[in-house]
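In what follows, a single structure is set out as structure tokens and then discussed.
The values are calculated or read from the model by the stated rules, or taken from the named source; none is laboratory data. Predicted model, so just to flag it, every value in this text is computed and none were measured. Cβ atoms come from the backbone with ideal geometry, glycine included; neighbour counts cover every protein chain shown. SASA here: full protein model, heavy atoms, side chains in, ligands and nucleic acids out. Shrake-Rupley method; radii C 1.70, N 1.55, O 1.52, S 1.80 Å.
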Amino acid sequence: MTIELIAISVSCLIMTLYLTAYINTVGIPASISATYYNTEKKWLFPSTIATTGLCALMPLLNNTPESYQFVAFFIVAATLFVASAPAFRDDMIGKVHGVSAAVLGICALAWLILTSGCPWLAIVGICVAIIDIKHFLFWIEVGLLYNLFIDLIKIVVMNG
């Protein structure tokens, strides 16, 4: 339990530091993926996304019931595909990125519903997105992402 709790906490911390630094420097992006285009160091976005996904891999797989463990696997796999195809405005790379991001979002929502019922923080993200339409996708992504982090931490602690 301790190693899994550390891994998911590191995953959450890395993403939080990345997004906080970006927002403080550039402002709220249209989406998390859009940060790739507005950073000088292009390796930051894929490194952050891949590290976040890999740190969450074992806690997700170990704390998801076997009958729908494939959903947890697809969350991490899609995360790694998003990280490997960061330039979503390019034609071919954009297709890989877009499909991967869609799979990630659908699987994250499915995992949240299957493991904890109502994805409250994701719903809050949707509400904020409706109010701040300019950053619509960003708020939905943040709601799903942090709902996943919080629920996974709760599940790891309860299972431990």
For this session: Have a look at SER116, SER100, SER67 and point out the one that is touching a Lys or Arg at 6+ places or on another chain (Cβ under 8 Å) and of a type outside the set (A, V, I, L, M, F, W, C).
Result: SER116
For this session: Could you check, for the stretch 73-94, whether at least one of its residues is more than 13 Å from the chain's Cα centre (by Cα), surrounded by 21 or more Cβ atoms within 10 Å (Cβ to Cβ) and assigned to a helix (DSSP H, G or I)?
Result: no
Seminar exercise, completed: Scanning the stretch 109-154 for residues that are charged (D, E, K, R) and open to solvent by less than 60 Å² (accessible area, probe 1.4 Å), the one farthest from TYR22 (Cα to Cα) turns out to be ASP151
Exercise. Among the residues of the stretch 1-53, which ones are surrounded by 14 or more Cβ atoms within 10 Å (Cβ to Cβ) and polar (S, T, N, Q)?
Worked result: SER9, SER11, THR16, SER31, SER33, THR35, THR39, SER47, THR48, THR51, THR52
